[in-house]
Structures are given as C-alpha cells and as structure tokens.
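Visitor: I have a structure here, written as structure tokens, and I will follow up with some questions on it.
No lab work stands behind these numbers, since they all come straight from the coordinates. This structure is a prediction, so every number in the text was calculated from the model and none was measured. Here the Cβ positions follow ideal geometry from the backbone for every residue, glycine too, while neighbour counts run over all protein chains shown.
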Amino acid sequence: MPVTPSQEDYVEAIWGLIRNKGYARVSDIADRLGINSASVSKMLRKLDEDGVLVYEKYRGLNLTPEGFTQGQMLYERHKLLEAFLGYLGLSDGTAIHETVEGIEHHFSPDALAQVEMLVRFIQMRPQWWHEFLEWSERTESESAEVRPKDVRTTE
C-alpha cells in the first residue's frame, strides 16, 4: 500500500487514467496532478520499486494486481468522501473535490468505515436525512437569533 499521501494520489490518478483511457502516460499523470513530468518519472520509479506498478521509461506503465486493487480502493474512498460532503450540503463540485483532496489521506480505516455506514444509511433512508437538514437549519436560525452579533471584550 502506498504510504504517503503523494503516493496515494499517484496510484489513484494512474488507476483513473487506465480506467478511463485504457493507459496512463507520464504526461497524462503530470496533467492530472498538476506537476512536472520529471517529478512523475521519479515517483513512477519509486512505485515500481515498491511493486505497485511496472514502469519502463519511454515504454509506459501498468499497475500490478496489487496496484490496481489499491487504486480502485483509493478511488472508492475519494468518491465516498465526496458523497458524504455532498450530503452535508456542499454543492460546488470543485470545492468538494478540493476538500476531499485535503482530507482523504487522514481517515483511519475505522473512521472511513463509519462514514461509509452513514452514507449507506442516508441513501437507504433519504427522508431521515431531509428531516435532519430541516432540523439543522431551524436550530442554526434559532441559535443566530440568541447569539450576540458582535462580541467585544473590554478591559
């Protein structure tokens, strides 16, 4: 399993490219991650050494079965967290994606399992979630009414 957030980003990007295009080139990975090709080549050599992929300079790369499984798991984790943030009321797809990019590497397997259970519960019982959102909006409005508008401390 990739051990750094950067390695996870690479494996997830490579998996997505292979899934969508059938292949992943250094330039495609660089574009997807917004980095230069030299950095991509360096990381590909490291992932090759770690057994995540097979990389031959100027010839291409392929994920190993382990790398493919990891990439799929990382992709599914990303999509799960995007769904979770969507349920929380975030609607801007770009903002959701950027937020997930910032947090996805910090979830323990147990925490991720609980998020998955909550998302599944919401999907199975959407009315429950709508009731929660309505309650949340009412509570927020009530709290705003009693909350001081401008609290200043005086000495």
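Visitor: Where does each of 121-131, 33-43 land if you order them by average Cβ count within 10 Å, highest first?
Guide: Packing proxy ranking, top to bottom: 33-43, 121-131.
Visitor: Sequence gap at least 6, Cα distance under 8 Å: using those rules, report the relative contact order of region 11-125 to the nearest whole percent.
Guide: About 22 percent, as a whole number.
Visitor: May I pose another question? When you count, for each residue, the other Cβ atoms within 10 Å and take the mean per peptide, how do 55-64, 108-117 rank with the highest first?
Guide: In descending order of packing, they fall as 55-64, 108-117.
Visitor: Okay, moving on. Would you mind giving the average projected area, over all directions, of the Cα convex hull of region 5-70 in nm² with one decimal?
Guide: 3.8
Visitor: Under 8 Å for C-alpha pairs, at least 6 residues apart: give me the relative contact order for region 1-73, rounded to a whole percent.
Guide: 35
Visitor: Report, in debye and to the nearest 20, how large the dipole of the chain comes out about its Cα centre when Lys and Arg carry +1 and Asp and Glu carry -1 on their Cβ.
Guide: The calculated dipole for the chain is roughly 640 debye.
Visitor: May I pose another question? Identify, among 89, 10, 108, the residue whose Cα sits farthest towards the positive end of the charge dipole of region 1-118, taking +1 on the Cβ of Lys and Arg and -1 on the Cβ of Asp and Glu, with the dipole about the Cα centre.
Guide: My answer, from the dipole projection, is 10.
Visitor: From the residues 51, 118, 80, which one has its Cα farthest along the dipole of the chain in the positive direction, the dipole being from +1 and -1 charges on Cβ of Lys/Arg and Asp/Glu about the Cα centre?
Guide: It is 51, whose Cα lies furthest towards the positive end.
Visitor: Above 15 angstrom, tally the Cα pairs of region 77-145 and express them as a % of all pairs, no decimals.
Guide: Summing the P(r) of region 77-145 above 15 Å gives 59 percent of all pairs.
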